[in-house]
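**Q** Okay, here's the structure, questions in a sec.
Quick note: the coordinates plus some simple rules give every number you see, no bench work behind them. Predicted model only: the values in this text are computed from it and were never measured. Heads up, the Cβs are rebuilt from the backbone with ideal geometry, glycines too, and the neighbour counts pull from every protein chain shown.
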Amino acid sequence: EALREERNVCDRYYNNLTGDTDEFYAWLYEDVRTPDEIYERAHEMDLCGYELLKDGMEGIDLAVCNYHHLLDPTIREQFFRWLGRDPEDVIAVFDEAHKVASAARDHATRTLAERTLDGAVDELEECDDARAAPARNVVEAFRTALVETYEGSFGFGEREAVGEEWEDVAVDSENGRNDVAVEFLQAYTGQGFASDLEAALALGEELDRRYERAYKEGETTTRKDCPTLSAAAFIEAWMDANDDPGTYPVAGVRRTETGVVGRAELYTCLPRQVTEPLFDELHATVLMSATLRPFDVTEDVLGLEEPLTMAYGEQFPEERRRTYAVETPALFASQRDDPGVQETVGETIEDAVRFTPGNTLAYFPSYAEAERYYHRFSGDATPYLDEPGTRAEDLRQEFVSDDDAVLFTSLWGTLAEGVSFDDNDARTVLVVGVPYPHLDDRMEAVQGAYEGAFGDGEGDAGWRYAVEIPTVRKTRQAIGRVVRSPDDYGVRVLIDERYTHSNRVELGEYSVYPSFPPEERSEHIDVAPGKLKIGMLNFYSDLGAWEGAPPEP
């Protein structure tokens, strides 16, 4: 009754605590339940599904979850507590493990918003403690430094052009401290920022304990966060960032209803800072992916010590698939606007679509390139265009319900990985160009960190680890969207001379052919643009794929 009177819990959670939940748990353990099923069932019983699921996890044999439960240290600690297991009692299996590095990097990255700094200043102004004044010196100086840095970065008209999404403001410097750190030291007016920062951390920890105690003892209905602790911990890490080559400091701005606001960010370049401690804690870790190789890169990037590695080639009959590498001009950014290049690539796409007995997937390095060739397409098949912000699953369903269509999309979109186009859903997949990422300051920082950690001084490791291998993985994931079973069949087409065996010597370091696993690249059949249709016609004819007469070359 005390819980109900003090209203420290919601009605559904109150029912969890006071009611009979045996019926719910009996249903839960009958099968593998999805979160949606669990919450719907709990809602019908007027219970809190989230809390029931947490309580019901203890002692189970298998938990299916997303990466966040293990890669985020705070969530991981709670997750193992819910399981009732120590880390050394857990075997973790990561599916689609080629994504672990980028997910770990995102989880290790820390941010401090201008709004949090404002909240810390307000909290300290109201705090009756001798440490509040020195703590405020540090927080206010860092806020001033952040604002001065991003305001000073704007050229004419750039402030007015800031949008609702975060935009980077470079602060890194080759000549010592980053710009925000320099501005901070200029704005700081205390006796010594190190001692004031220590006072801020100590006070923040004490305030945080007070908020925790007040919540547990029912003095407050919600657990209050401590912005002073968040700000002080981040500022300490920021000032130490110059000594950490695996961390890239950067500021950011975006527009809100109240105007332009900023944030400071410590971007983590080396995923192993997150994954290595995790793997060391667990009883065992299994990493699975069709594109996990090269293993040496994965081992270095994730911090794996002497792992057992196993690689399997294609599991489906070779005679039911073909992989063509078309000798079209390399789609370097400088050549994409060339009319002759566009004509050659456009005609190759139309030939591939025309000589496919069914649907065709066409992947491009960007949505802009996908749109370009969508508008150039003049074949008889129905063209579909995937655009940023559209519901990919709705578009996919519309596309697969057709029987003679071509879908234009980006290799960086949601339809390039983890989506199956089985049997008649799609027969041919095209990868047009090499999908290198945008090489911005963050990517350069990642390259530099990889080169420092794994390089030999020649500068190749940074590019290979950070750019080339992930890019080729993108391509390999895309061509794996078709031929999904032993009875399935299809054609994979790589449209760019950088994929060819015959041009690898001439192209030198620009060739990506050597970055494919040996058994995969051995299947690449080099073909001239005008000859692709002959190869496809013969392949599909040998399989009896045409319902009527095949098209004439």
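**Q** Order of 209, 354, 427 from fewest to most other C-beta atoms within 10 Å?
**A** Details: 209 12, 354 19, 427 23.
In order of increasing Cβ crowding within 10 Å: 209, 354, 427.
**Q** Tell me which residues come under 5 Å, amide H to amide H, from residue 247 once H is placed; ignore anything under 5 positions away on its chain.
**A** 269
**Q** Let me ask something additional. Using +1 on the beta carbon of Lys and Arg, -1 on that of Asp and Glu, and nothing else charged, what's the dipole of the chain about the Cα centre, debye to 20?
**A** In debye, rounded to 20, the chain gives about 940.
**Q** Taking only C-alpha pairs under 8 Å that are 6+ residues apart, what is the relative contact order of the range 117-188 in percent? Please list the in-between numbers first.
**A** Working: 51 pairs, mean separation 27.7, N = 72.
Dividing the mean separation by the residue count of the range 117-188 yields 39 percent.
**Q** Per DSSP H run of n ≥ 4, the term is -39500 (n - 2.57); total these for the chain, divide by its residue number, and report the mean residue ellipticity at 222 nm rounded to 500 deg cm²/dmol.
**A** Using -39500 (n - 2.57) per qualifying helix, the result is -13000 deg cm²/dmol.
**Q** In addition: Using per-residue counts of other Cβ atoms within 10 Å, averaged over each peptide, order 413-421, 176-184, 378-386 from highest down. Write out the running numbers ahead of the final one.
**A** Values: 413-421: 17.6, 176-184: 19.9, 378-386: 15.8.
In decreasing order of mean packing, 413-421, 176-184, 378-386 become 176-184, 413-421, 378-386.
**Q** If the only charges are +1 at each Lys and Arg Cβ and -1 at each Asp and Glu Cβ, what is the size of the charge dipole of the range 110-268 around the Cα centre, to the nearest 20 debye?
**A** So the magnitude is around 280 debye.
**Q** Still on this model: Just to be sure I understand the model, the point goes 7 Å from the Cα along the line to the Cβ. What's the resulting residue 334 to residue 347 distance in nm?
**A** Those two pseudo-labels are separated by 2.5 nm.
**Q** Where a Cα-Cα gap under 17 Å defines reach, which lysines qualify for residue 99, not counting those fewer than 8 residues away within the same chain?
**A** Candidates past the 8-residue exclusion: 474.
**Q** In addition: With a cut-off of at most 13 other beta carbons within 10 Å, and DSSP calling the residue loop, which GluC sites (Glu not before Pro) in the range 43-92 qualify? Please list them.
**A** Sites meeting the loop and neighbour criteria: 58.
**Q** Using 1/(1 + (r/R0)^6) with R0 = 22 angstrom and r between the beta carbons of residue 283 and residue 65, what's the FRET efficiency to the nearest 0.05?
**A** Efficiency, from the Cβ-Cβ distance: 0.85.
**Q** In addition: Which of the lysines could be linked to residue 54 by a straight reach, that is with a Cα gap under 25 Å, when you skip same-chain ones fewer than 8 residues away?
**A** The reachable lysines, counting only those whose Cα sits under 25 Å from residue 54, are 216, 224.
**Q** Residue farthest toward the positive end of the dipole of the chain, with Cβ of Lys/Arg at +1 and Asp/Glu at -1: which of 419, 292, 315?
**A** 315
**Q** Can I ask one more? Calculate how large, on average over all directions, the projected area of the Cα convex hull of the range 318-542 is; give the answer in nm² to one decimal.
**A** Hull-based average projected area comes out at 12.8 nm².
**Q** Taking neighbour Cβ counts within 10 Å as the exposure measure, how do 10, 127, 48 sort from fewest upward?
**A** Starting with the residue having the fewest Cβ neighbours, the order is 10, 127, 48.
**Q** Sticking with this structure for a sec: Which order, highest average first, do 393-402, 433-442 follow once you tally other Cβ atoms within 10 Å for each residue and take the mean per peptide?
**A** 433-442, 393-402
**Q** Let me ask another. Using DSSP to define loop residues, name the GluC sites (Glu not before Pro) in the range 263-370 whose beta-carbon has at most 16 other beta-carbon atoms within 10 Å.
**A** 305, 314
**Q** Given a cut-off of under 8 Å on Cα pairs at least six residues apart, what relative contact order in percent is computed for the range 110-268?
**A** Answer for the range 110-268 is 36 percent.
**Q** In which sequence would 312, 367, 465 go, from the one with the fewest C-beta neighbours within 10 Å to the one with the most?
**A** So the ranking, lowest neighbour count to highest, is 312, 367, 465.
**Q** Report the label-to-label distance for residue 310 and residue 543 in nanometres (one decimal), using points 7 Å from each Cα along the Cα→Cβ vector.
**A** Placing both labels 7 Å along Cα→Cβ, they lie 2.8 nm apart.
**Q** Estimate the FRET efficiency between residue 219 and residue 154 by the formula 1/(1 + (r/R0)^6), using the beta-carbon distance for r and 56 Å for R0, to the nearest 0.05.
**A** So, using R0 = 56 Å, E works out to roughly 0.80.
**Q** Name the residues whose placed amide hydrogens come within less than 5 Å of the amide hydrogen of residue 384, ignoring near sequence neighbours (fewer than 5 apart) on the same chain.
**A** Long-range HN contacts for residue 384: 406, 407, 408.
**Q** Tell me the relative contact order for the chain as a rounded percent, counting alpha carbon contacts under 8 Å between residues six or more apart.
**A** This gives 14 percent for the chain.
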